Amino acid sequence: MLLIFGTRAYNSVVVIVFFACSHCGVEARQHVMKTRNRVTLFFVPLFSLSTSFFVWCENCGASTALTSQQAAHSVEWAASQRA
């Protein structure tokens, strides 16, 4: 019997905000991303091993790590800007 175990990273966009990039200094869209490392069996995700957040600049492509509190704050800030 052959079992195929592995891990895979899944990225998803949490929110997109518009502010100045800390790397290039240009005001551009910043994608707040969530990455989950998941255990897979036959390429089907079973459970998450870890979760991390980062912000990705659409202009220069630089990414900066975020804490979960910073990611939650960016979602709250984006919601307040829409209202």
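Across the range 19-76, the mean sequence separation of Cα contacts (distance under 8 Å, 6 or more residues apart), normalised by length, yields a relative contact order of 29 percent. Heavy atoms only, probe 1.4 Å: what % of the accessible area of the chain goes to carbon and sulfur, would you let me know? In the chain, the share of accessible area belonging to carbon and sulfur is 58 percent.
Between the entries (1) 0.98; (2) 1.28; (3) 1.12, the label attached to Rg/Rh (Cα atoms, Kirkwood Rh) calculated for this structure is (3). Annotation: amide H-H contacts under 5 Å for residue 62 (H modelled 1.01 Å from N, sequence separation of 5 or more, or interchain): 57.
Computed from backbone phi with θ = phi - 60° and the Karplus coefficients 6.51, -1.76 and 1.60, the 3J(HN,Hα) list for the range 16-26 is 10, 10, 10, 7, 6, 6, 6, 8, 9, x, 8 Hz; x is used for glycine and proline. Accessible surface for the range 4-83, divided over its residues, is 67 Å² per residue with a 1.4 Å probe.
Tell me the mean residue ellipticity at 222 nm calculated for the chain from its helices only (DSSP H runs of n ≥ 4, each -39500 (n - 2.57), averaged over every residue, nearest 500). Per the formula, -6000 deg cm²/dmol. Remark: the range 37-47, residue by residue, has Karplus-estimated 3J(HN,Hα) of 8, 10, 7, 10, 10, 6, 6, 9, x, 9, 7 Hz, where x stands for each Gly or Pro and the curve is 6.51 cos²θ - 1.76 cosθ + 1.60 at θ = phi - 60°.
Each residue of the range 65-73 was assigned a 3J(HN,Hα) from its phi angle through the Karplus expression (A = 6.51, B = -1.76, C = 1.60, θ = phi - 60°), giving 5, 10, 8, 5, 5, 5, 5, 5, 5 Hz with x at Gly and Pro.
The values are calculated or read from the model by the stated rules, or taken from the named source; none is laboratory data. These numbers come from a predicted model, not from an experiment. Just so you know, the surface numbers come from the protein's heavy atoms only, side chains and all, with ligands and any DNA or RNA stripped out. Shrake-Rupley method; radii C 1.70, N 1.55, O 1.52, S 1.80 Å.
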